[in-house]
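The values are calculated or read from the model by the stated rules, or taken from the named source; none is laboratory data. Given the structure is predicted, the values throughout are model-derived calculations rather than measurements. Every residue, glycine as well, gets a Cβ built from its backbone with ideal geometry; the counts of neighbours run over all protein chains shown.
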Amino acid sequence: MNTEILGVIAMYAVTILLAIPFGKYIAKVYAGEKTLLDVVLTPVEKLFFRISGIDRKAEMNWKQHMVALLTINFVWFLLGMFVLMNQGWLPLNPDGNPGQTADLAFNTSISFVVNCNLQHYSGESGVSYLSQLFLMFLHFLSAGTGMAAAVVIFIALKERTAEKLGNFYNLLVLSCTRILLPASILVAIFLAFNGTPMTFGGKDSIISMQGDTVGVSTGPVAAFVAIKHLGTNGGGFYGANSAHPLENPNYATNMVEMFAQMIIPLAMIFAFGFFLKRKKMAWMIFGVMTLGFLLLCVPTIIWEVNGNPAIAQMGVDMGSGAMEGKEVRFGSAASGFWSIATTVISTGSVNSMHDSSMPLSGMMQLLAMMTNAFYGGCGVGILNFFIFIILAVFISGLMVGRTPEFLGKKIEGREMKIAMIVALLHPLLILAGTALATAFPEITSANLNNPGFHGFSEMLYEYTSSAANNGSGFEGLGDNNPWWNITTGFILILSRFIPIIGPIAIAGLLANKKYIPESAGTLRTDSATFGMMVLAVIVIITALSFFPSLTLGPIAEYFSMR
C-alpha cells in the first residue's frame, strides 16, 4: 500500500483514539469537575472575571445566552474593522502593509468573527503583525463561541426541566483557557521546533536558486497556525496557507496540522456522551459522521492518487497522482485527505490548491460543505447535527404513529419550524448567492480565470465555503472586490448566527418541557437504525438541494474532460 496512505490512516486512527480521553476531559471542564490544570488556570480565570465584573455563577436562559453571544461578537467585529482599516499607521507593521479598504475590512472582520476566515487578501502582504495578532485572538474567541453554544445544548438536554442553562461568559472562557490554549501551546512548540517562524522581526533576505535576493515574510507564525487548526479557523498567516513551506515545513508538521484540526470536533462528540452520560448516543453520532466522512474521503484519495487521465493520454507519468497544485513533500494522498478533512470540519485551511483537484474531488469538497454535518467545526458540528436529529426524530415518530420524543422531551410544532428554517437556510444562501453571481456576468465574469463549467464551480464554491463557515476557495476566482466582499460578508453573518440561535432555541424550549420517562414504546435514538435514519435525512436534503448545481459544475466538467 502507498506509504502516504498508510501515514494518513495512522494519523486518523491516532486522532480517534486520543479524541476519546480528550472528550472526557472536555466534559469534566464544562461540568465543573477538577482537572490537572486547575492549579494554574483557576487563578487566571478568577482574575479575568474580577477585572471584567462578570458574575460567572449568574445563570442565563437561552435568550440571555444569545444576547450575550451576539453582543460580544458585534464588539469584536467593530474592533476588527478599526484595526484592519488603520493598520498602516498602527504599531507592529515592520513591512509597511497599508490599511484595508472598507469592503475588504468588512469581509475580513466578519469572516474571522464567525470562524470562517474567508481571506480575500494574501496574509503576508495584506495585514500587519498587529492585525495578525488580533485575528489570532479572534481564532480563539470564534472557536470558543461555537464550543460554548454547543455546551448550552449539552446542559439543556441534561436537565429534566430547567430554564437556566449556565453562563455564556463562563463557558466561553473555559473553552479558551482550559481547551484551546493548552492544546495550542503544544502544537505551536512542535511547529516552532520544526522550522515555523515565531518572531516579530520583518522580512528575512534570502538568495533564491536564480541568484536573486528576495524578502521572505516571517512573524508569529507558529502560534497563529496552531490555533488556526485547533479552532477550526483555517485562516493562513501566508497567502498560500498550509501549502507554504514556513507555515507547514514537512510531512511531520503536515500530519500534526491535520491532527490538530480534527481532534476537538471529534472530542466534542465524545464529550457529549460523557457529559450527558449517554455514551451509546455519542457512538451513534460518531458512527454516522464517520461513515459520511469516509464516503467523501476515500473516493477523493483514489481520484487524486490515480491522477488525471487526460494528462496520462499525453504520455505523462501519473505515478505520483494528480500533482498539479500540490506540494511534493506531502503527495497526492495526504493532500486529498486534507481537502476533505478541512471541508468536512469547516477548517478551510489548505495544503494544496483545491482549484486544481480532479473535478469529482472538487465535487466531494463541495458536498462536504453542503452537508455541513459530518464532524463540523468546534462546537458547531454538534449544533448542525442536532438539527438533523430533530428532523429524523420527527419523521420517525410519524412513521410509527407516535408523538416524536427526544431524550424524554416532546418534539412539537415550534421545534420543527425552527429546525426546518435552519436546515433550509443553508441551501438557500448558497444557491441564491450563486444565482445572483451568474445573473450579473457583467460584474462577476471579469473575476473568473476559468470559463464554462469550472468557472461556475468557482462561484458555487465561494458561496458554499461562506455559508459553511469554511473559508477555503477555488482560487481561480478573483474575490477581492466589492461584489464578493459584500455578498459573502452578509452570507457569513446569516450562516453563522442563525444555525447557532436555532438549535439553542430548540434546546431551550425542550429544557422547559416536562420530562417523560422512557418506556417500551419510546423511540430509541441511540441505535444504529436511528443513526441510518439521520444519515438518510442528511443525504436526502443535500441531494435534493444541490444535485442540479453540482450537475452544472463539477459533474459536467468531469464528463467534458472524459
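Here is a list: 541, 486. Which entry is under 27 Å from residue 118 (Cα atoms) and surrounded by 19 or more Cβ atoms within 10 Å (Cβ to Cβ)? Only one candidate passes the filter, namely 541. I'd like the full set of residues that are charged (D, E, K, R) and in a loop (DSSP other than H, G, I, E, B), limited to segment 90-138. Scanning segment 90-138 gives a single hit, 95.
Pick from 277, 203: which is of a type in the set (Lys, Arg), more than 27 Å from residue 93 (Cβ to Cβ) and at pLDDT below 95?
Details: 203 fails: more than 27 Å from residue 93 (Cβ to Cβ).
Step by step, each of 277, 203 is checked, and only 277 is of a type in the set (Lys, Arg), more than 27 Å from residue 93 (Cβ to Cβ) and at pLDDT below 95.
The residues of segment 207-234 that are part of a loop (DSSP other than H, G, I, E, B), of a type in the set (Val, Ile, Thr) and buried (at least 24 other Cβ atoms within 10 Å of the Cβ) amount to a single one, 232. Could we say that residue 371 is in contact with a Lys or Arg (Cβ under 9 Å, 6 or more places away or on another chain), modelled with pLDDT of 90 or more and not aliphatic (A, V, I, L, M) here? Taking the combined requirement at face value, the residue does not satisfy it. Can you work out which of the residues in segment 45-67 that are within 18 Å of residue 148 (Cβ to Cβ) and of a type in the set (Val, Ile, Thr) is surrounded by the most Cβ atoms within 10 Å (Cβ to Cβ)? Across segment 45-67, the extreme among qualifying residues is 54. Could you please let me know if residue 165 is buried (at least 22 other Cβ atoms within 10 Å of the Cβ), under 22 Å from residue 256 (Cα atoms) and not hydroxyl-bearing (Ser, Thr, Tyr)? For residue 165, the condition - buried (at least 22 other Cβ atoms within 10 Å of the Cβ), under 22 Å from residue 256 (Cα atoms) and not hydroxyl-bearing (Ser, Thr, Tyr) - is not met.
Of 237, 272, 259, which residue is surrounded by 24 or more Cβ atoms within 10 Å (Cβ to Cβ), touching a residue at least 60 places away in the same chain (Cβ under 8 Å), of a type outside the set (Val, Ile, Thr) and more than 25 Å from residue 121 (Cα to Cα)? Talk me through it step by step, then tell me what you get.
Working: 237 fails: more than 25 Å from residue 121 (Cα to Cα); 259 fails: surrounded by 24 or more Cβ atoms within 10 Å (Cβ to Cβ).
Going through 237, 272, 259 in turn, the sole match is 272.
Yes or no: segment 454-462 includes at least one residue that is assigned to a helix (DSSP H, G or I), hydroxyl-bearing (Ser, Thr, Tyr), in contact (Cβ under 8 Å) with a residue 12 or more places away in the chain and touching a Ser or Thr at 6+ places or on another chain (Cβ under 6 Å). No, segment 454-462 has no match at all. Among residues that are under 23 Å from the mean Cα position of the chain (by Cα) and surrounded by fewer than 16 Cβ atoms within 10 Å (Cβ to Cβ), residue 143 is not included.
When we screen 492, 523, 510, 477 for residues that are crowded, with 19+ Cβ neighbours inside 10 Å, in contact with a Leu (Cβ under 9 Å, 6 or more places away or on another chain) and modelled with pLDDT under 90, the only hit is 477. Please go through segment 188-206 and pick out each residue that is among the β-branched types (Val, Ile, Thr) and either surrounded by fewer than 17 Cβ atoms within 10 Å (Cβ to Cβ) or touching a Cys at 6+ places or on another chain (Cβ under 6 Å) (or both). Selection gives 189, 199, 206.
Does residue 394 satisfy the condition of being aromatic (Phe, Trp, Tyr) and more than 30 Å from residue 459 (Cβ to Cβ)? Against the criterion (aromatic (Phe, Trp, Tyr) and more than 30 Å from residue 459 (Cβ to Cβ)), residue 394 qualifies. Kindly check whether there is at least one residue in segment 443-454 that is buried (at least 21 other Cβ atoms within 10 Å of the Cβ) and either out of contact with any helix residue (DSSP H, G or I) (no Cβ under 9 Å at 6 or more places or on another chain) or within 14 Å of residue 369 (Cβ to Cβ) (or both). No, segment 443-454 has no match at all. Of the residues making up segment 295-321, those that are among the aliphatic types (A, V, I, L, M), modelled with pLDDT under 90 and either in a loop (DSSP other than H, G, I, E, B) or closer than 20 Å to residue 366 by Cα (or both) number 3.
Would you check if there is a residue in segment 497-519 being free of Cβ contacts under 8 Å to residues at least 60 places away in the same chain, closer than 30 Å to residue 434 by Cα and either in contact with a helix residue (DSSP H, G or I) (Cβ under 6 Å, 6 or more places away or on another chain) or not charged (D, E, K, R) (or both)? Spell out the reasoning first.
So in segment 497-519, the residues free of Cβ contacts under 8 Å to residues at least 60 places away in the same chain come out as 519.
Next, from what is left, pick out any that are closer than 30 Å to residue 434 by Cα: none.
No, there is no match, as no residue in segment 497-519 is free of Cβ contacts under 8 Å to residues at least 60 places away in the same chain, closer than 30 Å to residue 434 by Cα and either in contact with a helix residue (DSSP H, G or I) (Cβ under 6 Å, 6 or more places away or on another chain) or not charged (D, E, K, R) (or both).
Could you pull out the residue among 530, 497 that is of a type in the set (Phe, Trp, Tyr), closer than 20 Å to residue 272 by Cα and either surrounded by 15 or more Cβ atoms within 10 Å (Cβ to Cβ) or in contact with a Ser or Thr (Cβ under 9 Å, 6 or more places away or on another chain) (or both)? Before the answer, list the steps.
Values: 497 fails: closer than 20 Å to residue 272 by Cα.
Matching residue, one of 530, 497: 530.
Only residues that are of a type outside the set (Ser, Thr, Tyr), in contact with a Ser or Thr (Cβ under 9 Å, 6 or more places away or on another chain) and either crowded, with 24+ Cβ neighbours inside 10 Å or in a loop (DSSP other than H, G, I, E, B) (or both): list them for segment 240-253, please. Before you say what the answer is, go through the steps one by one.
The initial filter retains those residues of segment 240-253 that are of a type outside the set (Ser, Thr, Tyr), namely 240-241, 243-250, 252.
With in contact with a Ser or Thr (Cβ under 9 Å, 6 or more places away or on another chain) added as a condition, the list becomes 240-241, 243, 246-249.
Of everything in segment 240-253, those that are of a type outside the set (Ser, Thr, Tyr), in contact with a Ser or Thr (Cβ under 9 Å, 6 or more places away or on another chain) and either crowded, with 24+ Cβ neighbours inside 10 Å or in a loop (DSSP other than H, G, I, E, B) (or both) turn out to be 240, 241, 246, 247, 248, 249.
Applying the selection to segment 220-248, what residues are within 20 Å of residue 199 (Cβ to Cβ) and among the aliphatic types (A, V, I, L, M)? Correct list: 221, 222, 223, 225, 226, 227, 240, 246. Inspect all residues belonging to segment 151-161 and state whether any of them is small (Gly, Ala, Ser) and closer than 29 Å to residue 58 by Cβ. Scanning segment 151-161 turns up at least one residue that is small (Gly, Ala, Ser) and closer than 29 Å to residue 58 by Cβ. Within segment 385-408, not a single residue is modelled with pLDDT under 95, closer than 25 Å to residue 335 by Cα and either crowded, with 24+ Cβ neighbours inside 10 Å or in contact with a strand residue (DSSP E or B) (Cβ under 6 Å, 6 or more places away or on another chain) (or both).
Per-residue answers, yes or no, for (1) touching a helix residue (DSSP H, G or I) at 6+ places or on another chain (Cβ under 8 Å); (2) closer than 26 Å to residue 69 by Cβ; (3) at pLDDT 95 or above:
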{"site": "96", "(1), (2), (3)": "no, no, no"}
{"site": "110", "(1), (2), (3)": "yes, yes, yes"}
{"site": "117", "(1), (2), (3)": "yes, yes, no"}
{"site": "140", "(1), (2), (3)": "yes, yes, yes"}
{"site": "143", "(1), (2), (3)": "yes, yes, yes"}
{"site": "172", "(1), (2), (3)": "yes, yes, yes"}
{"site": "180", "(1), (2), (3)": "yes, yes, yes"}
{"site": "183", "(1), (2), (3)": "yes, yes, yes"}
{"site": "187", "(1), (2), (3)": "yes, no, yes"}
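Please determine whether any residue of segment 231-252 is among the aliphatic types (A, V, I, L, M), at pLDDT 95 or above and in contact with a helix residue (DSSP H, G or I) (Cβ under 7 Å, 6 or more places away or on another chain). Taking every residue of segment 231-252 in turn, none turns out to be among the aliphatic types (A, V, I, L, M), at pLDDT 95 or above and in contact with a helix residue (DSSP H, G or I) (Cβ under 7 Å, 6 or more places away or on another chain). Just a yes or no: is a residue in segment 462-469 under 24 Å from residue 142 (Cα atoms), touching a Lys or Arg at 6+ places or on another chain (Cβ under 8 Å) and crowded, with 17+ Cβ neighbours inside 10 Å? Yes: segment 462-469 contains one or more residues that are under 24 Å from residue 142 (Cα atoms), touching a Lys or Arg at 6+ places or on another chain (Cβ under 8 Å) and crowded, with 17+ Cβ neighbours inside 10 Å.
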